[in-house]
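The values are calculated or read from the model by the stated rules, or taken from the named source; none is laboratory data. The model shown is predicted, which means the values in this text are computed figures rather than measured ones. Counting neighbours? That spans all protein chains shown, and the Cβs are built from the backbone with ideal geometry, glycine included.
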C-alpha cells in the first residue's frame, strides 16, 4: 500500500520530533518529580527505597524510576537522559503494534498500526511530559503481542517474552497492566476458543518468568515497607508494600481513596479520547462502530479474518476505567495500541474493498483536522509566542511546503489519508516541541530560577525554603533538593539564600529578615493553560512570581 521509502521517511520524521522534545525543560509536576526521585537513587546509591521529597512513596512501583536512574548512570543527570527510557519503550510499543497487526492481519496493517500509534497525540506527549505511562504502554502491548503469538503458534519464546513483558509492565504501574493484558488475551481466547493453549507446561515456565521479573520490585517493597510496620504512610501504619501492589493499589484509584476524587464523570474518557487520539480520532470512532456492527451481524461467530482483542479489550477496559473516581487523561495511553490496530485494519479494509465514498468522507475530515492544526500552529508561532529566530521560520516553511506538496499531489485517497494525518501530527508536535514548550517553560519558576542560580554561581547548598511546598524543577536543575528550614532555624543561619513566593517573602519581612539581593522570575502552572495566559496582551495579569533573596 505504501512504499518503504515513504513509510520510513515518515517514521524518521516522527522520531526526529521525539528527539527534539528530549531537550525541552522538564514539566512540573510529575515529570520533574519522577526525575528527582530517580536522581536521588543515583546520588545516594539507594535503589531500594522510593521517596517523594522527604516522604516515603507507596503509590507506584519502581521500574520507571530504575530505568530513569540507569539512564542517569550511563549518560549523567540530564533532562534528555530522563526521557530516553520512555522513547525506547514507545518504539518497543510501535514495533509490538506492528507485530500484532501483522499477526492478526498482514504486514501493511502492522506498519499502519505502528505509524498511527507513534503519531497519536497522547503518545507523542508522553515522550516529552514523561510519566510512567510510556514504559507501561510499551511493555503492555509487547506482552499482549507475545502471548497472542503463543496462543496462535504455540511459540515458547512467545509465552516467555509475554510473561517478561507483563512483569515489566506490572513493575511499572501495578495491577492496571495485568488487567489490560489479561482482558485482551481473554478476549482472544473467548473468540478463537483455543483453550487448549492453557493446558501446557509452558504456562508454568511463564509464571516462573513473571515471578522472577517482578521479584526485584517485590523485594524493594518488602524492604521499605513490610519490614517497617511502624512507618506511617498516608495516615496509616502497618502498610505492606506487597499487599498494596497486589490488592490495594487499583481499588484506591477506583474509589478515590488515598489520592482523593478528581472526577466522578463517567464520560470523562469519552470526551478525553477526542483529543488524545488526534489526528486519528474520527477514523478510530468509525472503525469501532463498523467493527461492532460486523460482530453483531456475525453474532460473534469466529472467522479467521477477524480478531476480537481490540474491540473486546477497548470496550471492557474503557467501561472499567470510566468508573474510577480519580481520572487523568494519560490513563488512556495503555489503550492506544489497541485503537491503533483497530483503526489500521479498518483503513486497510476501505482500500481493499474500494469503498471510495467512505474514504472520501474520511479524507475530508482529515483535511479539516489538518486545517485546524495549521491555524493553531500559526497562532503559536505568530501570536502566543512569536518567532524570534530565523531557523524557526526555515523549519516551519519547509514543513508547510512539504505538506502543501502532498495536499496537491494526485494519488490514491487512502495514501492521502495516511500521509496527511501523519503530517498533521508532525506539524502540531514539531511546533510544540521546538517552539511552544521551550517558550512556555520560561514561565516555570523553578527551572528558570535554576538557570539564574547557575549563571550567578550561587552555591546550591546555601539555598533554602521555608515551606514544604514542592520545588521539583528547581531541585532537578540544581542537582540538589532545596533544603527545608523553619523560620526559627533560619535565624541561626548566615549567608543563605531563600526561595519563596510573595506570601512567604512577606512572612520573612514581618519576622524582621532583611535582604539587599533579590532575584525574581515569572511563575505560572504551565500544565493548566488558560486563554488569558496564552494571550500575550493579558498574560501579565495571571502571572505570579518566585523570588530568591540573600539574607543579610
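Points to keep in mind about this one:
- Lone unmet requirement of (1) under 28 Å from residue 41 (Cα atoms); (2) at pLDDT below 90; (3) surrounded by 15 or more Cβ atoms within 10 Å (Cβ to Cβ) for residue 478: (2)
- Any chance residue 143 is touching a residue at least 40 places away in the same chain (Cβ under 8 Å) and in a helix (DSSP H, G or I): no
- Members of the stretch 291-316 found to be in contact with a helix residue (DSSP H, G or I) (Cβ under 6 Å, 6 or more places away or on another chain) and either under 16 Å from residue 177 (Cα atoms) or in a helix (DSSP H, G or I) (or both), listed by number: 291, 309, 310, 311, 312, 313, 314, 316
- The stretch 187-207, subset in a helix (DSSP H, G or I) and out of contact with any helix residue (DSSP H, G or I) (no Cβ under 8 Å at 6 or more places or on another chain), residue farthest from residue 158 (Cα to Cα): 196
- From 377, 398, 412, residue being touching a residue at least 24 places away in the same chain (Cβ under 8 Å), loosely packed, with under 15 Cβ neighbours inside 10 Å and outside the structural domain of residue 283 (by TED's automatic domain parsing): 412
- So residue 390, is it surrounded by fewer than 20 Cβ atoms within 10 Å (Cβ to Cβ), under 30 Å from residue 140 (Cβ atoms) and in the same structural domain as residue 420 (by TED's automatic domain parsing): no
- For the stretch 209-231, a residue qualifies if it is under 20 Å from residue 55 (Cα atoms) and either in a helix (DSSP H, G or I) or at pLDDT 95 or above (or both), and the qualifying residues are 217, 218, 219, 220, 221, 222, 223, 224, 225, 226.
- In the set 339, 367, 351, 346, only one residue is at pLDDT below 90 and either in a helix (DSSP H, G or I) or surrounded by fewer than 21 Cβ atoms within 10 Å (Cβ to Cβ) (or both); that residue is 351.
- Filtered by the rule that a residue be closer than 22 Å to residue 91 by Cβ, surrounded by 19 or more Cβ atoms within 10 Å (Cβ to Cβ), in contact (Cβ under 8 Å) with a residue 60 or more places away in the chain and in contact with a helix residue (DSSP H, G or I) (Cβ under 6 Å, 6 or more places away or on another chain), the stretch 11-57 gives 14, 17, 18, 20, 21, 22, 24, 26, 35.
- Qualifying residue in the stretch 131-138 (condition: outside any helix (DSSP H, G or I) and either buried (at least 24 other Cβ atoms within 10 Å of the Cβ) or touching a helix residue (DSSP H, G or I) at 6+ places or on another chain (Cβ under 9 Å) (or both)): yes
- Enumerated helices (runs of 4 or more DSSP H) restricted to the stretch 465-552, each holding at least 3 residues that are under 25 Å from residue 77 (Cα atoms): 472-478
- Scanning the stretch 449-467 for residues that are touching a residue at least 60 places away in the same chain (Cβ under 8 Å) and either surrounded by fewer than 20 Cβ atoms within 10 Å (Cβ to Cβ) or on the phi > 0 side of the Ramachandran plot (or both) turns up 452, 456, 458.
- Lone qualifier among 405, 423, 393 - being closer than 21 Å to residue 21 by Cβ, at pLDDT below 90, assigned to a helix (DSSP H, G or I) and out of contact with any strand residue (DSSP E or B) (no Cβ under 7 Å at 6 or more places or on another chain): 393
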